[in-house]
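Accompanying notes for the structure given below.
Values quoted throughout were computed directly from the atomic coordinates according to the rules given, and no laboratory measurement underlies them. All values reported here derive from a predicted model rather than from experimental measurement. Glycine also receives a Cβ, built like all others from the backbone with ideal geometry; neighbour counts cover every protein chain displayed.
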Amino acid sequence: MNPTAADESFRVAVFTDHFSPQSSGGVEHVVWEVYRRLAARNVRVLVVTAIERGWSSFGAVEGMQVHAVRIWDLSRVVGAQVGLAPRLFRSVPHVIEEFQPHVLHANGLHFQSTLAAALANRDRRRPMVLTSHVGKLDALQQPTRALTRAYEASLGRYVLRRCTRFIAISRSVREHLEGLGIEPDLIDDVPNGVDHERFHARQESAERLPRPPLLMFVGRHMPNKGPQVFVEALALLRDQGIDFRAELLSSGPLRQRLERRTRELKLEKLVTFRGHVPDVAAEMRHADLIVRPSFSEGMPLSLLEAMATGVCLIVSDVAGNYDLIRDGENGLVFRAGRVDLLADALRRLIEAPELRRSLASAAWKDSLAYSWERCASETLDALRRAVDDHDATHPARIVADQGSNQ
């Protein structure tokens with residue numbers, strides 16, 4: 001079962017929900033960036049995923065084989081990124097048997113594709129690696145927090161017991177895995193990356209015309225990402241007589257509710273909902289402030305990308321955000337959900353352009369430590385380590401008998 005040292009002899013079956021070139025989700029974007037690079041190194045890659053109706057299906061892309069089944073999007077019903085893909089559970093065992101991978105790599109503890117892989121690997125015949133993308137849940141709103149913890153204490157534990165090793169994308173994600181009973185020496189730390197050629201600082205121009213500062217939210221319009229907090233803070237700013245413009249990029253199940261709330265607050269002339277844009281990097285470079293008011297994170301890609309773009313950042317004080325942003329050093333941090341504190345931070349930076357530039361510069365320097373090339377190489381190292389460790393690893397060593405401490 002052990003592959004030789006040559007990359008072309010190594011076969012990886014990758015599991016991720018919602019994977020598609022058109023997708024804007026963070027986890028699937030990580031899979032896209034990592035595995036197209038590994039495929040270019042002649043690693044044989046099979047991505048097992050689900051796609052929505054209307055999106056193009058594909059058999060091969062960027063050197064990766066793709067097996068996709070249909071997913072029914074339930075996000076508008078439940079207000080979160082949730083879908084149902086029952087065919088995953090029927091097809092995964094056959095796909096694994098046909099592809100004969102050296103290792104299974106699941107992305108996201110809470111994904112259906114991860115559960116399907118764990119069920120197919122119930123006998124632990126193959127090594128399985130789980131990359132976790134979620135940090136602490138303390139700031140999540142109810143009932144999402146309770147449901148997530150209930151999943152982790154039941155089906156999540158089933159998944160964990162079928163894994164050989166784990167990848168944490170940040171310090172807070174590692175802490176969360178350890179809190180679920182994972183032994184520290186079974187976790188590899190592999191941070192996300194950023195494309196510095198695409199996401200780079202704008203060139204300041206002496207001819208730039210004076211204008212109100214542009215405040216921007218970039219991310220899925222979902223409750224845990226906090227766009228509703230951003231909109232309410234904008235109303236406070238307006239009431240304080242602060243001049244600004246605001247844009248929300250991307251979309252999601254909250255968009256209609258957010259647009260309605262914007263009208264109720266009489267913010268239509270100040271706030272624009274841009275939806276999905278062709279070049280998010282170019283749009284970010286127009287911003288003066290980017291806000292990440294989320295309630296849960298792992299290592300948010302849009303935050304890394306904003307850092308690389310050289311834009312000043314305000315983030316909520318949740319795990320994942322504070323792994324990257326240090327209050328008063330490379331951005332500002334406010335208490336998650338506190339509309340008044342977010343408005344105060346926005347006002348402070350709007351009125352202090354020199355501070356904005358200083359914080360943005362520090363964040364840009366920090367972003368240089370992150371690259372997709374590093375992420376891909378370290379992911380491959382972790383997968384090979386799982387194959388080497390597989391025969392010696394016993395299920396009882398993986399998850400502590402006492403269970404989760406959540």
Taking 0.36 nm per intervening residue step and subtracting the Cα-Cα distance, what contour gain separates residue 272 from residue 243 on full extension? 8.9 nm
Log entry: pair-distance distribution for the stretch 214-367, C-alpha pairs binned every 5 Å from zero, whole % per bin is 2, 10, 22, 25, 23, 13, 5, 1, 0
Please give me the summed charge of the neighbours of residue 190: other residues whose Cβ is under 9 Å from its Cβ, Lys and Arg +1, Asp and Glu -1. -3
Between residue 196 and residue 211, what is the label-to-label distance in nm when each label sits 7 Å out along the Cα-to-Cβ direction? 2.8
Along the positive direction of the dipole of the chain (beta-carbon charges: Lys, Arg +1; Asp, Glu -1; about the Cα centre), which of 93, 386, 256 reaches farthest? 256
Cα pair distances exceeding 15 angstrom across the stretch 192-275, given as percent: 63
Using only helices, what value at 222 nm comes out for the chain when you add -39,500 (n - 2.57) per DSSP H run of length 4 or more and divide by the total residues, to the nearest 500 deg cm²/dmol? -11000 deg cm²/dmol
List nothing, just return the count: lysine pairs in the chain, 8 or more apart or interchain, with Cα separation under 29 Å. 5
Within the stretch 270-334, report the GluC sites (Glu not before Pro) that DSSP leaves as loop and that have at most 15 other Cβ atoms within 10 Å. 329
Total charge dipole magnitude, the chain, about the Cα centre, Cβ charges on Lys, Arg, Asp, Glu only, Debye to nearest 20: 1080
With a Cα-only, solvent-free Debye model of the chain, what are the log10 I(q)/I(0) values at q = 0.11 Å⁻¹? -0.81
Chymotrypsin sites (Phe, Trp or Tyr not before Pro) within the stretch 218-325: which are DSSP loop residues with at most 10 other Cβ atoms inside 10 Å? none
How much of the DSSP bridge set in the chain is antiparallel, in percent, rounded to the nearest 5? 10
Using only Cα positions of the stretch 228-307, each an equal point scatterer, no hydration layer, compute I(q)/I(0) via Debye at q = 0.11, 0.15 Å⁻¹ and quote the log10 values to two decimals. -0.31, -0.58
Sorted by packing (mean other beta-carbon atoms within 10 Å per residue), highest first, where do 332-343, 354-365, 158-169 land? 158-169, 332-343, 354-365
Viscosity 1.002 mPa s, temperature 20 °C: what is the translational diffusion coefficient of the stretch 261-324 from Stokes-Einstein with a Kirkwood Rh over Cα pairs, rounded to a whole number of µm²/s? 162
Which GluC sites (Glu not before Pro) does the stretch 242-278 hold that lie in a coil by DSSP with at most 15 other beta carbons within 10 Å? 268
Tabulate in residue order the Karplus-calculated ³J(HN,Hα) for the stretch 307-317, using 6.51 cos²θ - 1.76 cosθ + 1.60 with θ = phi - 60°, rounded to whole Hz; enter x for Gly and Pro. 4, 5, 7, x, 9, 5, 10, 10, 10, 6, 8
Short version: ³J(HN,Hα) in whole Hz for each residue of the stretch 110-120, in order, from phi by Karplus 6.51 cos²θ - 1.76 cosθ + 1.60 (θ = phi - 60°), x for Gly and Pro, what are they? 9, 8, 5, 5, 5, 5, 4, 5, 5, 5, 5
Size of electric dipole in the stretch 214-367: Cβ of Lys, Arg +1 and of Asp, Glu -1, about Cα centre, debye, nearest 20: 440
